[in-house]
Amino acid sequence: MLTATYVSVREFFYPFGNIPATNLLRDTAIDDTGAEIELLLLGCGDPRNILFSLYSQGDQCLASSYNFTCCDKEPAILARNIILLTLIADGHSNTTTVSSRKHNSVKHSSLWNIFYHVFIPESDLKLLQEQSAKLAELAVTSASWASSNYGNWIKFLDNDTLEHVRSFWTQYAETRYFTTAHKDEFERQYRHEFKQTAIRTKSSLVLSGIRSAGPHIEEAGERMSDCFKKYWATGVVAGNRSDVMALGNGGKGHVNPLIAFSSAGDGSFTLHYGLDPLLGFHLANAFDNLGSNPSETIARTAKAEFGAWCSTFAQYLHNQKVRLTLHDGEAVRLCFELQAHITYLPKPSGRTRLYKTVWSSAPAVLTNTDNVNRIVPFDVIDTSNIIDHIGILNILPAAVPLLKLSHTATLYTDGFLLAAEDPENSLQSLLCSDVNGMGIILGVVPLGYMSGITTDSNLADSMLFASGTTNRRHFRLRIPWRRPISGDSASLQIPNACWENSRKIWMDPLELASFFFNVYLNMFENECLSNALSRFQRQFTRPLANDLRFYNRLSLVRLMQTAKLRIDTEWQNCMGLFKKLVMEDKTLLIGSNSIQELLLHMHTFNLIPQDEINMTRLEFANLPSSDYQYEPSVPGLLSTKDLRGSIFLVLKVPRYKLSIFTDASPLDIVTPGLHMNVRHGLRWDNAFHSVQCFFGNLVTRDTETYVCDVDEDIEGWRGQSDLIAVCEAPMYSLVMGPYKEVRVGLRVNTSPSTAHFTQKLGLNMAVFETGLNDKEHLWVLKEAPGSHLNLHSTVESPSASSPAENNPVQALREGVKFKWSALFNSQSSLKNVCTKLDLQAPFSQALASGAKVECIFNSACTLKLLIKGCPEFEVPFPYPIQQTTPKLRLARKSGWVECIVPVASALTSGGYGCNPFSVTQQELHAGYCYSWALPRINLIQQPRLPGQRSPEWVRTFLLTSLATRIGIQSSKTPLQEFKESILVGFSGIDKNSLSQYFPKQFQLTRKFDHNCDTVLFLSTIRYDIDAGSLVLDGYVCPLTNSNIKILDAGLGYLWGETVTNMKVSDQEQVLWKQILPAAAERCRTWRHKRCCEYVKHRTIPLSTKHGENPLCSCGRGQMLEEFPQDPELRVFRDHVTRIALPVISSVPYIDKHLSTAEMNAVIESVNGEQKCNKCGNQKKDLKKCSRCLKVRYCNQDCQKADWSEHKKVCNK
């Protein structure tokens, strides 16, 4: 009910992920106090992110405990994961002896085979069967599991999940009892389907693997595609020879039960045709030396990484520092159920928690009391790529309230479906609104949208996008979401202002109503008829994410309900204005059929009282505007005289009616959406898209009338039971016309992809329809089938309390109280934020006496207020603000001041642009220092680039990374110049030369006077495997008056011939001073001291002035293993701090992306070769297009063949 309902007759199985493992802990602060880190993984998939996250932490974070709550709608995924993790635990129970370590090495090979290979040797099959049988025996009851060796670190949120995963363990184990005939048939059928899939993919070039190759994008395409084809040819990763030979049975082995069994098909072939285990690993260093057999090298690299992950997980398990809590269900519904168990959150409506998952009647109830009682907010929430399946505005309102009130709390979304024609417009399209407006309403904003920087390379997706030829081009958007003020130390250190949601933000009712109406128009744009033809044409050729129609009216209502957690307004007035805008709208003509559903949800979620919903049939008939003639004798629930409010319509669709879906090829029917409708002849036709479907029979509940339970057929589409469709509807929707004219039906949603259904279903697209007198197929119930929640008891009228009651002023400091408001413009975009200060003595007295009042920009989210004759103080705002003169409104007699400032983002001045490399301190304790924009990195785990020289591909990668944002612009900002300077450190690139020499020492020199105050010792270039990029490992020595004499001899040596000058402007020097603390924080393994200068001076960096030190002294002389061993440089050892300098990449959802021609031009500048814009041939002296002079061609034939595409951008 919470999300759109789609028919999916054939489900694919995704046993492992299709993107490199992500470090989910990279944005958490280092904590050696033994804190528990809570992580929620929605759509968790395989455990690679868990394993890689712990591996990335290394030994330095063993003091903390890591609790992973994992949710996936496919129980087979959870069953597989537990098999792997328990085998790791069993294999590493004793690692103290040489023999046991050798045993574990063998175990890693077996684990690799069992988890990733389609076909496995006899010995590994027996190991899998034995482990499965053992787990199934331990999981007979929740009590028996809890008392087992695994029960203290693998837990379940509900008994159903344990039962479901146990059913798969049982299936795995029972394969050892297959008869010879059964086994032969099982093997024959599975191998046949596998072979057919391999044949279909044999001739294609599969480029998705280049994401795993890190910076080796150009070289990786064909290599990774070759590995993909060999996997599908052999069933073994990359078809590597040793594993194929180990299969035995003539290289055939046995079908792997861990791959064969899933909910999508028990033993039948359901693997998705794009799967390749290598996609989940980081393979950059394999390309340093591929050798004579690249596939073998790549497979060996992946195996080595997997083995390291397993060993680290075993170490954390041995130290009792990791725990997993599992749930099989749908992510959004779990989030609302978790909200219900967090004490400080208002309990969400039972309507958000009716059913556990789509296409199921199981209730969303967490039954394991011991595990439910410890549900707490989360430090990290990862949503995988579920936004591609349910939409981002379904997941954010559900998940954001679960985030911990901490400046390090982060929510990640990941998506592949292109959201807009140009990736830089993706955010507005995904959010169906202004980004700032949605940010202040939900309380989270994309990190890159605030900072304008990222260390994650998106070059692979940029190149795939630029060269894409398919009708659905993909572009990965991995977005970290943070609280708007979380990166501003000044705000975090203000009492009562460190967390925005400790109070509410006032908004004008009309402005807020207009914002939600704008979201409504964008969310349901497909219901607009005026642009239907052009939209349908585009969907056939260039489909976008929102074309999948993720949302129903309940999605919008839940968004507005979530807004009530943060926003204060006259809600009844606001929702009345919103209702008026919707009722008068002439844009979404099709949407008029869904108005009754919208009003119903607004009523049941306490947003607005709807008088008609609370009426009985007789009261409704007596309305002056009603055409309904009261009928005293009607059957069933409707005969109840005092019946009012909402009812549940339950439609039982005969199985034969589903042949429209089951008799056709799954590729032909695609995934059509479904909705229910209630119509009265030709007069009324109300659509209800919030629908729950499942298979089975309805069973009358003995203890209650007009309430029933469900005997579900878990075989679903593979079974024989009828389909049951459920929706909630207002009672009056059934009495808007004569009883006998009422028809209730199940329909297919109209869209370009479902147009072919009209041939059999007609224009109404009705799968099945019946009347109220059909007692066999239509049930009218008081409650949802199978539910034990009394939903009607939760419906209350919204509070009409005044703004002052809901938004009390907060104490800022003695004599000053404040409250916040947000101001939107006529386009429903957030324009300004306002802080109103209520002043008391001595400030009010000074104000009344006419004292001068002045406001100046102080930090990303604060101003400094100066009232003459009074102490100055910082004024907080709930959102980043621009660095501009604020508008002041004074009431000298009443004693208040209003400060109004435009909001900031990476696209404006001010905000975090004043320090994009912020390091924060929420508490006055240096141990809480935290690199806000640059993620942590464990340097010793990042592979080095081989050799002393920077390879040519490095220069290509760096220049194209730079060019994605600024390489084609004539003027450059200080940040852009700063990014270029960092590239000098990587490869000696400057504006006039392309040297391959890798310098060791640099000095930052001011352009106008050639004065130096910073020396960089860059020891090596490493891969940043998590970011798919590179990182400079080195040391920094700030030069100040206090140390320059001590370093005199060493400086003399440097200033001879070994140092390279890096000339910087004053503005760029400020950025260097800002990044150095962040670059030190992100890689440190040392602890800050109690006497840390950051605590004493309450600012990071300590200074951005020339000749002054930006760093504290805590890291000096630490982590010196990579510092140069030259005797002449020994004097610097006690004065340097280790740093990790990243490649600053473009932010894909705000930066302009290069075309293929522009990328080719950058590559030409590096290697001197040119590339044909049509066929891709690389050679010198290609001819330029005479019109734009940007692209090149082999000859006129290539130019003519490319003109249909090139003309769209030529000469722009």
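Only helices (runs of 4 or more DSSP H) wholly contained in the range 557-652 count here; list those with 1 or more residues that are of a type outside the set (A, V, I, L, M, F, W, C) and surrounded by fewer than 19 Cβ atoms within 10 Å (Cβ to Cβ). Walk me through how you get there before you give the answer.
Numbers: elements: 571-584, 595-604, 617-621.
So the answer is 571-584, 617-621.
Here is a check on your reading of the model: is Glu296 surrounded by fewer than 21 Cβ atoms within 10 Å (Cβ to Cβ) and not aromatic (Phe, Trp, Tyr)?
Working: surrounded by fewer than 21 Cβ atoms within 10 Å (Cβ to Cβ): yes; not aromatic (Phe, Trp, Tyr): yes.
For Glu296, the condition - surrounded by fewer than 21 Cβ atoms within 10 Å (Cβ to Cβ) and not aromatic (Phe, Trp, Tyr) - is met.
Considering only residues that are out of contact with any helix residue (DSSP H, G or I) (no Cβ under 7 Å at 6 or more places or on another chain) and among the aliphatic types (A, V, I, L, M), look in the range 375-400 and name the one that is least open to solvent (accessible area, probe 1.4 Å).
Val380
Can you tell me which residues in the range 714-725 are touching a Ser or Thr at 6+ places or on another chain (Cβ under 9 Å) and aliphatic (A, V, I, L, M)?
Answer for the range 714-725, where residues must be touching a Ser or Thr at 6+ places or on another chain (Cβ under 9 Å) and aliphatic (A, V, I, L, M): Ile714, Ile724, Ala725.
Restricting attention to the range 109-123, does a residue exist that is surrounded by fewer than 22 Cβ atoms within 10 Å (Cβ to Cβ) and in contact with a Ser or Thr (Cβ under 6 Å, 6 or more places away or on another chain)?
No, that holds for no residue.
Taking the range 27-51 only, how many residues are at pLDDT below 95, of a type outside the set (Asp, Glu) and more than 21 Å from Cys335 (Cβ to Cβ)?
Selection size over the range 27-51: 5.
Report every pair of residues separated by at least 6 positions or lying on different chains whose Cβ atoms are under 6 Å apart, first residue within the range 1189-1212 and closer than 14 Å to Gly1176 by Cβ, second surrounded by 14 or more Cβ atoms within 10 Å (Cβ to Cβ) and among the aliphatic types (A, V, I, L, M).
Once the first residue is closer than 14 Å to Gly1176 by Cβ and sits in the range 1189-1212, its partners that are surrounded by 14 or more Cβ atoms within 10 Å (Cβ to Cβ) and among the aliphatic types (A, V, I, L, M) give Val1191/Ala1157; Arg1192/Leu1182.
Of the numbered conditions (1) open to solvent by less than 60 Å² (accessible area, probe 1.4 Å); (2) within 21 Å of Val445 (Cβ to Cβ); (3) assigned to a loop (DSSP other than H, G, I, E, B); (4) of a type outside the set (Ser, Thr, Tyr), Leu907 fails exactly one; give the number of that condition.
Among (1) open to solvent by less than 60 Å² (accessible area, probe 1.4 Å); (2) within 21 Å of Val445 (Cβ to Cβ); (3) assigned to a loop (DSSP other than H, G, I, E, B); (4) of a type outside the set (Ser, Thr, Tyr), Leu907 violates only (1).
Of all residues in the range 153-183, which are of a type in the set (D, E, K, R) and either open to solvent by 50 Å² or more (accessible area, probe 1.4 Å) or in a helix (DSSP H, G or I) (or both)? If you could, list the steps in order and put the result at the bottom.
First, pick out the residues of the range 153-183 that are of a type in the set (D, E, K, R): 155, 158, 160, 163, 166, 174, 176, 183.
Correct list: Asp160, Glu163, Arg166, Glu174, Arg176, Lys183.
Run down Asn436, Asn425 and say which single residue is open to solvent by 10 Å² or more (accessible area, probe 1.4 Å), under 22 Å from Ala822 (Cβ atoms) and part of a helix (DSSP H, G or I).
On the way: Asn425 fails: under 22 Å from Ala822 (Cβ atoms).
Only one candidate passes the filter, namely Asn436.
Run Trp1086 past the list (1) among the aromatic types (Phe, Trp, Tyr); (2) within 19 Å of Arg1006 (Cα to Cα); (3) within 33 Å of the chain's Cα centre (by Cα); (4) open to solvent by 10 Å² or more (accessible area, probe 1.4 Å) and report the number of the one that doesn't hold.
Failed condition: (2).
Quick check: anything in the range 535-543 buried (at least 16 other Cβ atoms within 10 Å of the Cβ) and among the hydrophobic types (A, V, I, L, M, F, W, C)?
no
For Tyr1094, indicate whether it is at pLDDT 90 or above, over 22 Å from Pro974 (Cα atoms) and aromatic (Phe, Trp, Tyr).
When the stated conditions are applied, Tyr1094 passes them.
Could you grab the pairs with beta carbons closer than 7 Å, sequence gap of 6+ or different chains, first residue in the range 180-204 and over 13 Å from Lys229 (Cβ atoms), second one assigned to a helix (DSSP H, G or I)?
Close Cβ pairs (under 7 Å, with a partner that is assigned to a helix (DSSP H, G or I)) amount to Tyr190/Ala260.
Looking only at the range 235-256, how many residues end up being farther than 21 Å from Ala173 by Cβ, part of a loop (DSSP other than H, G, I, E, B), under 39 Å from the mean Cα position of the chain (by Cα) and of a type outside the set (Val, Ile, Thr)?
Result for the range 235-256: 3.
Starting from residues that are closer than 17 Å to Phe516 by Cα and assigned to a strand (DSSP E or B), keep the ones in the range 822-845 and report whichever is most open to solvent (accessible area, probe 1.4 Å). Lay out the reasoning, then the answer.
Going residue by residue through the range 822-845, those that are closer than 17 Å to Phe516 by Cα are 822-831.
With assigned to a strand (DSSP E or B) added as a condition, the list becomes 822-824, 830-831.
Numbers: Ala822: 1, Leu823: 57, Phe824: 16, Leu830: 10, Lys831: 114 Å².
Per the stated criteria, the residue is Lys831.
What number of residues within the range 696-713 are touching a Gly at 6+ places or on another chain (Cβ under 7 Å), in contact (Cβ under 8 Å) with a residue 60 or more places away in the chain and either under 16 Å from Thr357 (Cα atoms) or open to solvent by less than 20 Å² (accessible area, probe 1.4 Å) (or both)? Spell out how you get there, then give the answer.
Keep residues of the range 696-713 that are touching a Gly at 6+ places or on another chain (Cβ under 7 Å), which gives 709-713.
Right, trim to in contact (Cβ under 8 Å) with a residue 60 or more places away in the chain and you get 709-710, 712.
Okay, now just the ones that are also either under 16 Å from Thr357 (Cα atoms) or open to solvent by less than 20 Å² (accessible area, probe 1.4 Å) (or both), so 710, 712.
Within the range 696-713, residues that are touching a Gly at 6+ places or on another chain (Cβ under 7 Å), in contact (Cβ under 8 Å) with a residue 60 or more places away in the chain and either under 16 Å from Thr357 (Cα atoms) or open to solvent by less than 20 Å² (accessible area, probe 1.4 Å) (or both) number 2.
On the basis of being open to solvent by less than 30 Å² (accessible area, probe 1.4 Å), touching a helix residue (DSSP H, G or I) at 6+ places or on another chain (Cβ under 8 Å) and part of a helix (DSSP H, G or I), does Phe313 make the cut?
Values: open to solvent by less than 30 Å² (accessible area, probe 1.4 Å): yes; touching a helix residue (DSSP H, G or I) at 6+ places or on another chain (Cβ under 8 Å): yes; part of a helix (DSSP H, G or I): yes.
It is true that Phe313 is open to solvent by less than 30 Å² (accessible area, probe 1.4 Å), touching a helix residue (DSSP H, G or I) at 6+ places or on another chain (Cβ under 8 Å) and part of a helix (DSSP H, G or I).
For the range 401-415, which positions are of a type in the set (Val, Ile, Thr), farther than 25 Å from Ala545 by Cα and either touching a His at 6+ places or on another chain (Cβ under 9 Å) or open to solvent by less than 10 Å² (accessible area, probe 1.4 Å) (or both)?
Initial filter on the range 401-415 (of a type in the set (Val, Ile, Thr)): 408, 410, 413.
Still in the running and farther than 25 Å from Ala545 by Cα: 408.
Matches in the range 401-415: none.
Please identify the pairs in which a residue from the range 599-614 that is without any contact (Cβ under 8 Å) to a residue 60 or more places away in the chain has its Cβ atom under 7 Å from the Cβ atom of a residue that is assigned to a helix (DSSP H, G or I), counting only partners at least 6 apart or on another chain.
Filtered contacts from the range 599-614: Met602/Val557; Met602/Met575.
Name every residue in the range 1073-1105 that is out of contact with any strand residue (DSSP E or B) (no Cβ under 6 Å at 6 or more places or on another chain), part of a helix (DSSP H, G or I) and under 18 Å from Leu934 (Cα atoms), in order of residue number. Write out each step before concluding.
The first filter runs over the range 1073-1105 and keeps only residues out of contact with any strand residue (DSSP E or B) (no Cβ under 6 Å at 6 or more places or on another chain), leaving 1073-1075, 1084-1099, 1101-1105.
Remaining after also requiring part of a helix (DSSP H, G or I): 1073-1075, 1093-1097.
Result: Lys1073, Gln1074, Ile1075.
Of the numbered conditions (1) modelled with pLDDT under 90; (2) assigned to a helix (DSSP H, G or I); (3) surrounded by 15 or more Cβ atoms within 10 Å (Cβ to Cβ), Arg200 fails exactly one; give the number of that condition.
Of everything listed in (1) modelled with pLDDT under 90; (2) assigned to a helix (DSSP H, G or I); (3) surrounded by 15 or more Cβ atoms within 10 Å (Cβ to Cβ), Arg200 misses just condition (3).
Given the options Glu1068, Glu1108, Glu1128, name the one that is acidic (Asp, Glu), surrounded by fewer than 18 Cβ atoms within 10 Å (Cβ to Cβ) and assigned to a helix (DSSP H, G or I). Talk me through it step by step, then tell me what you get.
Working: Glu1068 fails: surrounded by fewer than 18 Cβ atoms within 10 Å (Cβ to Cβ); Glu1108 fails: assigned to a helix (DSSP H, G or I).
Only one candidate passes the filter, namely Glu1128.
Report, ordered by the first and then the second residue, all pairs with beta carbons closer than 9 Å, sequence separation of six or more or different chains, a first member in the range 1071-1096 that is touching a residue at least 40 places away in the same chain (Cβ under 8 Å) and more than 20 Å from Gln976 (Cα to Cα), and a second member that is open to solvent by 40 Å² or more (accessible area, probe 1.4 Å) and of a type in the set (Ser, Thr, Tyr).
Pairs found: His1088/Tyr928.
Please determine, by comparing only the residues of the range 859-871 that are open to solvent by less than 50 Å² (accessible area, probe 1.4 Å) and part of a strand (DSSP E or B), which one is farthest from Cys899 (Cα to Cα).
In the first step, residues of the range 859-871 are kept if they are open to solvent by less than 50 Å² (accessible area, probe 1.4 Å); the result is 859-865, 867, 870.
Applying the additional criterion that residues be part of a strand (DSSP E or B) yields 859, 862-865, 867.
Details: Ser859: 15, Thr862: 11, Leu863: 9, Lys864: 10, Leu865: 9, Ile867: 13 Å.
The extreme case among them is Ser859.
The values are calculated or read from the model by the stated rules, or taken from the named source; none is laboratory data. Everything numeric here is computed off the predicted structure, so don't read it as measured data. Neighbour counts are summed over all protein chains in view; Cβ atoms, including those assigned to glycine, are modelled from backbone coordinates with ideal geometry. Accessible surface areas use protein heavy atoms only, side chains included; no ligands, DNA or RNA. Shrake-Rupley method; radii C 1.70, N 1.55, O 1.52, S 1.80 Å.
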